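For reference, the structure discussed in these notes is given below.
The values are calculated or read from the model by the stated rules, or taken from the named source; none is laboratory data. No experiment lies behind these values; they were computed from the predicted model shown. With ideal geometry, Cβ positions are generated from the backbone for all residues, glycine too; neighbour counts draw on all protein chains shown. Heavy atoms of the whole protein, side chains included, go into the accessibility calculation; ligands, DNA and RNA do not. Shrake-Rupley method; radii C 1.70, N 1.55, O 1.52, S 1.80 Å.
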Amino acid sequence: NDRATTRLGGARAAAGRWGRARRAAGAGTAMFCVGTLTAVSPALHHYPVYGGQALRYALGGLVLLAVMRARGLSHLRLTGREMGLITLLAVVGLAVFNVLVIESTRHADPATVGTVVATVPVVLALAGPLMERRRPTPHLVAAAAIVAGGAGVATGLGGGTPLGVVLALGVLACEVGFSLLAVPLLARLGAVRVSAYATIAAVPLLLVAGVAVDGRAALRVPTAAEAAALAYLAVVVTAFAFFCWYDALPRLGAERAGLFSGFLPVGAIVGTVVLGTGRPNGAEIAGAALVVAGLVFGLRPRRRPEAAPPREPGGDGVVLSGRPCAGQEGAPR
């Protein structure tokens, strides 16, 4: 019996380690893929921005709907609250996020915007627990600060106007909302449904913005390079990355998942190297190393205090229900 119990405990521990590794890999992969967005975006510089984003999300939504069908996931009737959260998620986390990213880079350089957004781990480490009405975990807040610092170093510090900084803070708020608004939905709807519903809901919002800015030119037939870039954004950065993130988010919790936002600049660096559009400098490598250090610190297993062994009958005191009686060594005074 003792051997069987030991083997069962070992199997459970191995399963727990595998589960943690899988969740961490999913969150890291999601943020890495999203980071490659900046390496692919130059191919779309001459395509209408909002129309291109609408096409991206429309195609990504169709991919996610196909995944739902392949996995036998039926559509669920949404409650009023769920419908409101899906709409808010599409508005804040997708549509407004894209608008603010574009507008912020007109008033501040990308380095400034990237540095502000790099504080996402710290915000989630504080906001996630507060939403659950508990105190933030000190070592996770410290780890988030390390990750944010590494992401800021990798992105580089830039300059911009006060309006640019305000818009960058708006990007930060939208990025936080992308995670926190989804948390109440994931338990019942699951990662695929939330990703699909939010992605599809963002399409008409971006089309309206595109028509307002570019008129009839908001949509046009893309070139071969533009079509390839849009397909990559739709399949990898949207469908695949959204699913990975929303699959890992409820399992890790917002405060731990937020640490993996540090992989955004890492994905950007690797993407530029692979596509030949840039080479990493010393600051980017140092920043990536800080991100990894923060992740290791934040995700390290926490040791639980070992329980005191039960006393044998006839000892200095009598043990009741595993707790020492008053007056024993170790009892509260």
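Side notes on the structure shown:
- Residue in region 166-178 that is among the β-branched types (V, I, T), closer than 28 Å to F297 by Cβ and touching a Phe, Trp or Tyr at 6+ places or on another chain (Cβ under 8 Å) present: yes
- Condition met for Y246 (touching a residue at least 24 places away in the same chain (Cβ under 8 Å) and surrounded by fewer than 19 Cβ atoms within 10 Å (Cβ to Cβ)): no
- The residue that is farthest from P42 (Cα to Cα), counting only those in region 52-111 that are over 20 Å from the mean Cα position of the chain (by Cα), assigned to a helix (DSSP H, G or I) and hydroxyl-bearing (S, T, Y), is S104.
- Residues located in region 218-227, provided they are part of a helix (DSSP H, G or I), open to solvent by less than 60 Å² (accessible area, probe 1.4 Å) and touching a residue at least 40 places away in the same chain (Cβ under 8 Å): A218, E226
- Here M31 fulfils each of the conditions (1) closer than 21 Å to V183 by Cβ; (2) open to solvent by 50 Å² or more (accessible area, probe 1.4 Å) apart from (2).
- Among the residues of region 257-276, those that are open to solvent by 30 Å² or more (accessible area, probe 1.4 Å) and over 12 Å from V291 (Cα atoms) comprise V270, T272, V273, V274, L275, G276.
- Residue within region 22-29 that is among the charged types (D, E, K, R) and at pLDDT 75 or above present: yes
- In region 189-204, the condition of being crowded, with 18+ Cβ neighbours inside 10 Å, closer than 17 Å to L62 by Cβ, charged (D, E, K, R) and touching a helix residue (DSSP H, G or I) at 6+ places or on another chain (Cβ under 8 Å) is met by at least one residue.
- Output for region 168-188, where each listed residue is under 10 Å from L100 (Cα atoms) and open to solvent by less than 30 Å² (accessible area, probe 1.4 Å): A168, G170, V171, L172, C174
- Scanning region 65-79 for residues that are on the phi < 0 side of the Ramachandran plot, open to solvent by less than 20 Å² (accessible area, probe 1.4 Å) and in contact with a Ser or Thr (Cβ under 6 Å, 6 or more places away or on another chain) turns up nothing.
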